[in-house]
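Enquirer: The structure is given below, and queries will be raised subsequently.
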Amino acid sequence: MLKHTRLTWTKLRRRRLFWTILLVAILGGYWLLPIRGQIVVMTDPERGEPGVWPQVWIEPPATRPGDDVTLYVRDATPWAHVKLLIDGVERPRDENYPSGDGPWTWRWQFSASERPDAVAAFYHDCHTGCIKRAEVTFGGPNSVAMPSPAPLPTKLGLVFADFSRDWHGRAAWTMELTYAERQTDEVDFSIDGLARRVQQATKQGLRVLVRVAFDRQQALPPADDEVALGRFLDYCARLARDDRLQDVYGYIIGSGFNRQGENQLAPGRPTTPEWYARIFNGYQQSVARRDNIVQVMRSVRPQVRILVGPVTPWNQDQSGSLRDPFDQPWLNYFNTLVAHLDTAAQTKARAGYPLGAPDGFAFQAPGRPDSPHLGVEPAQEPATDLYHPEWGDAQAGFRVYRDWLAIVNRYPSTRGLPAYISSTNTFTPDTGVPPAQNYPLGWLTTALDAVNSEPQLQALTWFVDMPLGGMWNEFSMSRPLGRMHNAVSEFDLLLQQ
């Protein structure tokens, strides 16, 4: 009996020791978790004694749509560069309201939303990328927000999508644009303008691709300009850091940079394949250096998707030192570029720096339905191998995406990566005929069938939806002219399939 009692107490002590060690391990692991922010307990916030930060309240607490309300945010930290967004729309802060000297309070005054589930989000440090500090939902006392069904994905998309469009419950794509060097004089393409569009797109259930450009007519910093590159990297880090942009699906770095038209700030220093790869993932730089897009953006937000920007097909402004089998300037350029990205990624990996490769590629794939060499119905052009007498076996129409994919799949670190047709329509520079004059009914249907049959392709994005003025009005889906009426009807039907 005594022996049995001793054994029982021994087991109990061991169990207690086990649970004590486990509790210590759990608590120790908790404090090692990467939790951002702080919690301070206050018992009487009005007297400055401990409470929970931040505190957000509205006066009057119960409102009807259209009523004037005042929203307060109080926090234990004197945040700088604060913003408040109501359902994604920034509200001007009451600059005359004294914030105090601890705790600090900020005030906004506006009309109550018509929505019963309006969301207010408070951000700080927006000069380097807005960090979300608090988010609250408010509305009428009896309001109930009904969840919307998740939209179904589609590969269809539009550049500069019109958010008032009926998307028929589909998670389509939109491609947006921001300029690193145009934060004050190009408000629509600043980070704040981009954040507004991203929030609007997200409400519509759209997936957002963002093209990041250095400046107008200058896709990327001029070659060998390390100072300009530093500014560009700072802006890319700001994009990755900004919580308002956390729903961005992926960032496309530059576009059409093999063209002279996208190298206008320094025509004598165009973006070569070597310079692009240096910018993107540190090609030809010391492996210890991290001043490249991939490492800068991922150091801020590890889950960010970074895509290689599209090379313009059939353009002969630049070529590349590593020839593609078809030996055409645009393909040589892209082949050299991808080879350099692969070299840099593998060099980084061997040195112990993982995740140095891109997350995917963006392609330009215009159609050529009015080509004299087509030989079939114009609407079947996307399903047809189309060649040009001077370009050998290189694709001369929509199927140029096959040439791009062949190069991507040629190298170990890029093989099989997803690709996104970020720009397509039926315009080619050598003919100069806009879609409003040459779009054949059925062309989009054939193009979508081709893209749906290629698992590596994730998006088919028409350029453009919202009218941009000038010649681009003849490309617009939202304000159609001429034959674009056929394209609009077809696009709408395809969304419903």
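The values are calculated or read from the model by the stated rules, or taken from the named source; none is laboratory data. In this text the structure is predicted, and so the values were computed from the model without any measurement. All Cβ positions, glycine included, derive from the backbone under ideal geometry; neighbour counts span all protein chains shown. Quick note on the areas: whole protein, heavy atoms, side chains included, nothing else; ligands and nucleic acids left out. Shrake-Rupley method; radii C 1.70, N 1.55, O 1.52, S 1.80 Å.
Enquirer: Counting each DSSP H run of 4 or more residues in the chain as -39500 (n - 2.57), what helix-only mean residue ellipticity at 222 nm follows after dividing by all residues, to the nearest 500 deg cm²/dmol? Before the final figure, lay out each step's value.
Expert: Numbers: 10 runs with 134 residues, N = 497.
The helix contribution divided over the chain gives -8500 deg cm²/dmol.
Enquirer: Looking at the range 126-226, send over the antiparallel percent of its DSSP beta bridges, to the nearest 5. List each step's numbers first, then the result.
Expert: Numbers: 1 of 13 bridges.
In the range 126-226, approximately 10 percent of DSSP beta bridges are antiparallel ones.
Enquirer: Return an integer: the convex hull volume of the alpha-carbon atoms of the range 364-474, in Å³ per residue.
Expert: Values: hull volume 12.3 nm³, N = 111.
Each residue corresponds to 111 Å³ of Cα convex hull volume.
Enquirer: Further question: Here are a few candidate values for P(r) over Cα pairs in 20 Å bins from 0, in percent: (i) 23, 52, 22, 4; (ii) 20, 46, 25, 7, 1, 0; (iii) 24, 55, 21, 1. Which one was actually calculated from the structure I just gave you?
Expert: (ii)
Enquirer: Assuming a ≥ b ≥ c are the square roots of the Cα gyration tensor eigenvalues, decide whether the range 303-359 counts as rounded (a/c under 1.5), prolate (otherwise, with a/b larger than b/c) or oblate. Spell out each step's value before the answer.
Expert: Values: a/c = 3.98, a/b = 1.86, b/c = 2.15.
Cα axes put the range 303-359 in the oblate bin.
Enquirer: Roughly how many Å is it from the Cα centre of the range 318-355 to that of the range 148-195, as a whole number?
Expert: Going from one Cα centre to the other spans 30 Å.
Enquirer: Taking the dipole about the Cα centre of the range 165-273, with the C-beta of Lys and Arg at +1 and of Asp and Glu at -1, give me whichever of Tyr249, Thr271, Ala219 is farthest to the positive side.
Expert: Going by the charge dipole, the pick is Tyr249.
Enquirer: Might you tell me the accessible area per residue for the chain, computed with a 1.4 Å probe and given in Å²? Could you put the intermediate results ahead of the total?
Expert: Numbers: 23570 Å² over 497 residues.
Value for the chain: 47 Å² per residue.
Enquirer: Ignoring ligands, DNA and RNA, please state the percent of accessible area on the chain from carbon and sulfur, probe 1.4 Å.
Expert: Solvent-exposed carbon and sulfur of the chain make up 53 percent of the total.
Enquirer: Where the only charges are on Cβ atoms (+1 Lys, Arg; -1 Asp, Glu), what is the dipole of the chain about its Cα centre, to the nearest 20 debye? Before the final figure, lay out each step's value.
Expert: On the way: 50 positive and 54 negative charges, 640 e Å.
Dipole size: approximately 3080 debye.
Enquirer: Excluding Gln395 itself, calculate the net charge of residues whose Cβ lies under 13 Å from the Cβ of Gln395, where each Lys or Arg counts +1 and each Asp or Glu counts -1. Spell out each step's value before the answer.
Expert: Values: positive: Arg368, Arg399, Arg402; negative: Asp324, Glu381, Asp385, Asp393, Asp403.
Every neighbour counted, the sum reads -2.
Enquirer: In the chain, which whole DSSP H runs stretch at least 20 Å along their own axis (Cα) and average 0.5 or higher on the Kyte-Doolittle scale?
Expert: Numbers: long enough: 2-32 (45 Å, 0.23); 226-241 (22 Å, 0.26); 329-350 (32 Å, -0.27).
Counting only whole DSSP H runs, no helix qualifies.
Enquirer: Every cysteine in the chain with no other Cys Cβ under 4.7 Å from its Cβ, please list them in numeric order.
Expert: When partners are defined as cysteine Cβ atoms under 4.7 Å apart, the chain leaves Cys236 without one.
Enquirer: Moving to a separate point now. As an exercise, take the mean of 1/r over every pair of distinct alpha carbons in the range 221-262, invert it, and state the Kirkwood radius in angstroms.
Expert: Details: mean 1/r = 0.0831 Å⁻¹.
It is 12.0 Å.
Enquirer: Can you tell which of Gly352, Ile407, Leu239 lies farthest toward the positive end of the dipole of the chain, using +1 and -1 charges on the Cβ of basic and acidic side chains (Lys, Arg; Asp, Glu)?
Expert: Gly352
Enquirer: Now a separate question. Rounded to the nearest 20 Debye, what is the dipole magnitude of the range 271-351 about its Cα centre when Lys and Arg each give +1 and Asp and Glu each give -1 at the C-beta?
Expert: 560
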